[in-house]
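Note sheet for the following structure.
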Amino acid sequence: MKNRLHEITLSLCLWMLIALQACMTPASKESSASTLLPQPMEASYENSWLSLPSDVSIVLAIDASNRAKEIADVLAYELKERLGIKAGVRAGTTQEEGTIVFSHEGANVQANPEGYELTIEKNVTIRAADEQGLLWGAQTLLQSIENKDGALVLRRGAIKDQPARKWRGFFLDPARSFLQLDFIRRTIRVMSAYKLNVLHLHLVDDEGWRFETKAFPKCNAPGEPYYKQDELRELAAYGKRYGVDIVPEVDFPGHSCSTIAAYPQLDCEGKTRPVDKAILCGGKAFTYEFIDKVIGEVASVFPSPYFHIGGDEPFAIKRWAACPHCQKRMKEKKANSLQAFYHTVILEFTDIIQKKYNKKPIVWNDAFDPSVEPLPSKDVVIHLWRGIANAQAFAQAGYSLINSSAGPLYLSGFMLLGGLPLDAVHDWKVNRLGDPNAGDKTVNYAELSSNANFLGGEACVWATEQGLIERRIYPRLLSMAEKVWSDSIQGNLADLEERYKSTHQELLKKMGVWADEAMPKQTLFDGKDIEQWEAPGNQALIVKDNELIADASKNMAKGWLRSKNSYRNFVLNFEYWAPAQIDETGVYISCDSENNALSQGQMISTRPPAPIDEPPGGFDPATRQLYPAQTWNRYELVVRGNIATLTVGERLVWSSAHLNLKLGAIGIAPPAKGVKYRAITIRPLP
Ligand SMILES: [Zn+2]
């Protein structure tokens, strides 16, 4: 009997434990309970649902701040856009069921300012001490609404949530591949939906200036795309609405090819330089005047408390050793090595940022060698990307760190292809830095010292065309977003993939991600005939074995195919086979439809269209090996506005704003006999 009682007690305890777990399980343990991404710190659910009325009210306190009103407007807009729910915002109190209430009452004011509580009972209450918490609560609410048999419902329960890290960043590089403002705004909306709160914009690099500078107008080269200051002010305000701070970067004193092309007096010898060979003179007074004015101008446009000055990869620093201006200043600064002198230059830049413009400076970690004095104060934020020994020294010394571990958080770039796979990103944590070699698919991580003040992490995409960005970064960006929001939760990869496939892929689509892919694709050559083309002059191409082959017997100069239709913005895909190594494909864009001359068209070549568009390291003939002869190579050319970007295989070859692009036909004039084409398609873009 005793045993039996014991059994009953035990099973009762077990049952109670199970029941308790069912209603009070942390989200990490019962992932099926929700598809939220990032997962909240604590969640408990009941087995009942609240139906949302077709006309929802968002109710604020009478004395609600303007920011709280703005967040309510964001929520109303997103309810309509994402879920088709009509919502009105008003101040006062409420008794009606299914109302959304913003409240500061009873919130823990000591807690993380981004924290919030979301309670779903008779009403939906978002409770937060700070406005930013209201926004993240609203984003969790938006992800929580389910479609149950056609009705929009919310599972009753309570969520208590706050971020693990305050810097949850994403990096875009319009300097190398210009990005449309619409794309950036869409990205900001997506970032906010996943509680990412910093957009780092890389506005100046070797390849160009994307910031409109009134102080140094020559930096905005004629014909080059850039953002007007007012456009950037609006973008910053848009980011702020969505809780995303836009942190600008101007990358100096290296990466200054385009700057020196505009103002050669910034070079030690007054000469223009190719990519990677340019560095601002560290000795001339003009360099510091220039930097001061540029920082002032950029800082006045972006309200962010942070300012990124780059400082990475000073490849041409040896020029300073031979420059009388640099040598004079080096002595004045009592710097006994070029590296020490480099530190003094960066410190002058960070002092300007901090003391004159009252912003917190950020530099990439290779701006400083931690074994060489002088080193920055702890007010300078160190942005890690690679170099484990360097990063570890900064971590041990207690610096504030942002982790953009190149392996695996560089999600795309020139030579990186599409970066590392999802599982590598999923293994990353804020205190882990990896140093993979190119081509590695896994990362060996070093754990950094806990002495560091880890602000958070930031995923980066370099030099990538905007459509390709969207094709490449999901769901890896979301995995990273989850790590910086809730890094104490040991989520597993399968669960993340499941949530992504069941819910978030669809949500991203609704938010306009992959809009390009939804545009219909036209077949220009399917291997059978050339009905989509006309043949001005003698036709030099014949259809054979599903291929379009340059016939040796025809006159190449006269014979070319021209598409019957004309195109302005598009994605052109084709496969190309050449008997020997040839940069030119013979595929032309922007061809004149009226006229037989190809001369006004632009031929697609793996050689960059102009020196300034060359990838980092310049155009190395060895890179030709990447597009081998006697192999079918897949080409993709995207034309969007004045920007054309070529990808071969998965490799981004160049992005140029220097082509004379216009509405025109596609042309094919084979550059040599024996070259072949197949699978030619085009997807017109708006
Ligand atoms: Zn110099």
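The values are calculated or read from the model by the stated rules, or taken from the named source; none is laboratory data. Remember, it's a predicted structure, so these values are computed and weren't measured experimentally. A quick note on method: Cβ atoms are made from the backbone with ideal geometry, for glycine too, and the neighbour counts reach across all protein chains shown.
Worth a mention:
- Pairing residues of segment 534-548 that are touching a residue at least 12 places away in the same chain (Cβ under 8 Å) and over 16 Å from residue 587 (Cβ atoms) with residues that are of a type outside the set (Lys, Arg) and surrounded by fewer than 14 Cβ atoms within 10 Å (Cβ to Cβ), at Cβ distances under 7 Å and at least 6 apart in sequence or on separate chains, gives 537/596; 538/555; 543/529.
- Of all residue pairs spaced 6 or more apart or on separate chains, those with beta-carbon atoms under 9 Å, a first member in segment 323-335 that is small (Gly, Ala, Ser) and a second member that is within 9 Å of the ligand (Cβ to nearest atom) are 335/329.
- Residues satisfying the stated conditions in segment 183-212, i.e. under 14 Å from the mean Cα position of the chain (by Cα) and either acidic (Asp, Glu) or part of a loop (DSSP other than H, G, I, E, B) (or both): 194, 196, 197
- Residue check for residue 145: β-branched (Val, Ile, Thr) and in contact with a Leu (Cβ under 7 Å, 6 or more places away or on another chain): yes
- Extreme residue, farthest from the chain's Cα centre (by Cα), among residues of segment 320-340 that are under 14 Å from residue 254 (Cβ atoms) and more than 10 Å from the ligand (Cβ to nearest atom): 338
To keep it simple, each residue is scored yes or no on (1) out of contact with any Asp or Glu (no Cβ under 7 Å at 6 or more places or on another chain); (2) over 28 Å from residue 638 (Cβ atoms).
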| residue | (1), (2) |
| --- | --- |
| 427 | yes, yes |
| 433 | yes, yes |
| 451 | yes, yes |
| 467 | no, no |
| 473 | yes, no |
| 477 | yes, no |
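- Pairing each residue of segment 384-396 that is assigned by TED's automatic domain parsing to the domain that holds residue 459 and at pLDDT below 95 with any residue that is of a type in the set (Lys, Arg) and part of a loop (DSSP other than H, G, I, E, B), provided the two are 6+ apart or on different chains, yields no C-beta distance under 7 Å.
- Residue under evaluation residue 261, criteria (1) away from the ligand (no atom under 14 Å from the Cβ); (2) modelled with pLDDT of 95 or more, criterion not met: (2)
- Only one entry in 317, 291 is touching a strand residue (DSSP E or B) at 6+ places or on another chain (Cβ under 7 Å), assigned by TED's automatic domain parsing to the domain that holds residue 262, touching a residue at least 12 places away in the same chain (Cβ under 8 Å) and within 16 Å of the ligand (Cβ to nearest atom), namely 291.
- Of all residues in segment 507-526, those being buried (at least 17 other Cβ atoms within 10 Å of the Cβ), modelled with pLDDT of 95 or more and either touching a Gly at 6+ places or on another chain (Cβ under 9 Å) or among the β-branched types (Val, Ile, Thr) (or both) number 1.
- For segment 274-288, a residue qualifies if it is more than 13 Å from the ligand (Cβ to nearest atom) and either β-branched (Val, Ile, Thr) or buried (at least 21 other Cβ atoms within 10 Å of the Cβ) (or both), and exactly one does: 275.
- When restricted to residues that are closer than 20 Å to residue 112 by Cβ and not in a loop (DSSP other than H, G, I, E, B), segment 489-508 contains 0.
- Among the conditions (1) closer than 25 Å to residue 458 by Cα; (2) in contact with a Ser or Thr (Cβ under 8 Å, 6 or more places away or on another chain); (3) not small (Gly, Ala, Ser), the only one that residue 368 does not satisfy is (2).
- Segment 37-83, residues that are among the polar types (S, T, N, Q) and surrounded by 15 or more Cβ atoms within 10 Å (Cβ to Cβ): 39, 44, 57
Listed here are the residues, each with its yes/no results for (1) farther than 24 Å from residue 476 by Cβ; (2) part of a strand (DSSP E or B).
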site: 126; (1), (2): yes, yes
site: 138; (1), (2): yes, no
site: 159; (1), (2): yes, yes
site: 163; (1), (2): no, no
site: 170; (1), (2): no, yes
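- Members of segment 47-76 found to be among the charged types (D, E, K, R) and at pLDDT 95 or above, listed by number: 67, 69, 70, 73
- Criterion (among the aliphatic types (A, V, I, L, M), modelled with pLDDT of 95 or more, in a loop (DSSP other than H, G, I, E, B) and in the same structural domain as residue 303 (by TED's automatic domain parsing)) met by exactly one of 221, 236, 215: 215
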